[in-house]
Amino acid sequence: MKFFNLDCHISVIEDIKTVFTDLGHTVDSWSLSGHNWVLNRQATKVDIVNEHTWTNLNQQMCDSFYERYKNDLSNYDAFICGHPPCFSLLYKKFNKPIISQCTIRYEVPFSNDKNKWNMFNDYLRESIDQNKLFVSANSLYDKKYFEFFVNRSCTHIPSLCEYTKTDWAPEYNKFLYSGRLPINFNNDFVINKNSLGKYEWRDLTKFLGIIIIPYNCSLMSIFEHYTANIPLFFPSKNFMMELYKNYKQYVLSELTWNQVYNLSEGSVIDCDQSNDPNKFNDFEIMSKWIDYSDFYNQEWFPHITYFDSFDDLQSKLNSVDLKEINNKLKIQNAIKKEKVYNLWNDKLNNI
């Protein structure tokens with residue numbers, strides 16, 4: 001099959017493109033991302049919907065996009081949406097299959113617009129029920145989030161990110177810290193990722209491992225690090241909740257678009273208030289949702305080392321068998337790749 005994609009994120013579609021190409025399909029992508037330099041590419045100039053206008057997406061823009069590009073895109077068999085999923089609205093008039101890989105909360109940019117969010121949900125339900133839209137999510141969190149609001153099934157297919165073509169090969173006797181929480185480790189054994197400046201993926205494989213205090217439940221960089229077989233260190237669930245309560249501006253600070261855009265907490269559309277994932281100040285609710293984070297998913301991401309405090313982290317950095325972790329990651333990643341390819345192949349066969 002021949003697929004077309006318009007995307008605001010370089011990594012999500014690059015991962016899908018790698019898998020689909022291996023499965024014998026073709027993917028052409030126009031990118032609006034400001035990070036195309038990472039892949040040595042230029043952003044695409046697109047009329048109607050671009051990096052400045054897409055957050056105001058409405059029906060008129062969708063109609064104009066169709067009229068502008070209906071001849072250019074008519075030869076494609078199907079469409080792919082990575083980020084954002086709302087771009088699936090652009091392809092409705094083409095009347096061809098659409099695959100949507102939902103990431104970082106599917107409703108963006110409608111989080112603060114009740115009418116548009118409800119309209120989008122209605123479109124999603126109708127399109128799924130008519131077998132025109134095939135929905136997946138690269139994190140368990142986003143699968144659950146989608147199903148909570150849309151009341152339709154969503155397949156969980158994690159990203160692989162083999163496009164980095166890197167593997168753990170430590171050269172430095174140091175660990176790397178990746179996170180927004182300002183921490184002074186008081187030694188030269190840990191280097192802050194921010195101090196690296198502009199780096200390449202292979203630069204990260206030269207460290208003994210990476211300590212991550214995440215700003216979201218799912219990050220493309222985590223997929224990249226894991227697939228590169230790099231030993232990873234995360235706060236345990238209890239310690240993560242402690243950090244989240246005390247440092248919400250740094251830790252898991254982008255679980256919801258309400259946090260990102262400084263909106264009041266709670267979803268603007270009707271939902272089960274007792275489990276609303278956008279109530280970011282309700283620690284009981286958020287504790288349940290954080291369970292779905294990639295780094296706590298033992299089915300897909302085993303062999304991560306968890307620490308219960310910064311003292312515990314220091315102890316584990318000094319004691320864990322990094323080579324053993326690396327060997328286990330290699331085995332797991334081979335299993336993961338086969339499962340991911342099978343899931344995508346099954347989905348494509350159903351189109």
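Read the figures in this text as sums done on the coordinates, not as results from a lab. Small disclaimer: the values here were computed from a predicted structure and weren't measured. Ideal geometry is used to build each Cβ from the backbone, glycine not excepted, and the neighbour counts take in all protein chains shown.
Label reach from Lys114 (point 7 Å along Cα→C-beta): in segment 130-159, amide nitrogens under 20 Å belong to 149-151. Compute the Cα gyration tensor for segment 162-337, then decide on rounded, prolate or oblate, letting a ≥ b ≥ c be the square roots of its eigenvalues: rounded whenever a/c is under 1.5, prolate when a/b is larger than b/c in the other cases, and oblate in all that remain. It comes out prolate by the Cα gyration axes. Packing, as the average of other Cβ atoms within 10 Å across residues, places the peptides 256-263, 181-188, 144-151 in the order 144-151, 256-263, 181-188, highest first.
For the peptides 234-241, 326-333, the ranking by packing is 234-241, 326-333, with the highest mean count of neighbouring Cβ atoms within 10 Å listed first. Potential lengthening of the chain between Lys174 and Leu23 amounts to 50.5 nm, from the contour at 0.36 nm per residue minus the alpha-carbon distance.
First select every other residue whose beta carbon is under 10 angstrom from the beta carbon of Glu107; then total the charges, Lys and Arg +1, Asp and Glu -1. Display every interim value, and only then the final one.
Numbers: positive: Arg105, Lys116; negative: Asp113.
Combined, the nearby Lys, Arg, Asp and Glu give +1.
Once you sort the root eigenvalues of the Cα gyration tensor of segment 129-222 as a ≥ b ≥ c, which label holds: rounded (a/c under 1.5), prolate (a/b larger than b/c) or oblate (the other case)? Since a/c reaches 1.5 and a/b is larger than b/c, the shape of segment 129-222 is classed as prolate. Could you work out the local net charge near Cys154, counting Lys and Arg as +1, Asp and Glu as -1, over the other residues with Cβ closer than 15 Å to its Cβ? Charge balance in the 15 Å sphere: +1. Semi-axes of the equivalent ellipsoid of the chain are 34, 24, 18 Å, computed as sqrt(5λ) over the eigenvalues of the C-alpha gyration tensor in descending order.
Using only the Cα atoms of segment 241-351, build the gyration tensor, take square roots of its eigenvalues as a ≥ b ≥ c, and label the shape rounded, prolate or oblate: rounded if a/c is under 1.5, else prolate if a/b is larger than b/c, else oblate. Note, shape of segment 241-351 comes out oblate. Summary of packing: across the peptides 101-114, 334-347, the per-residue average of other C-beta atoms within 10 Å ranks them, highest first, as 101-114, 334-347.
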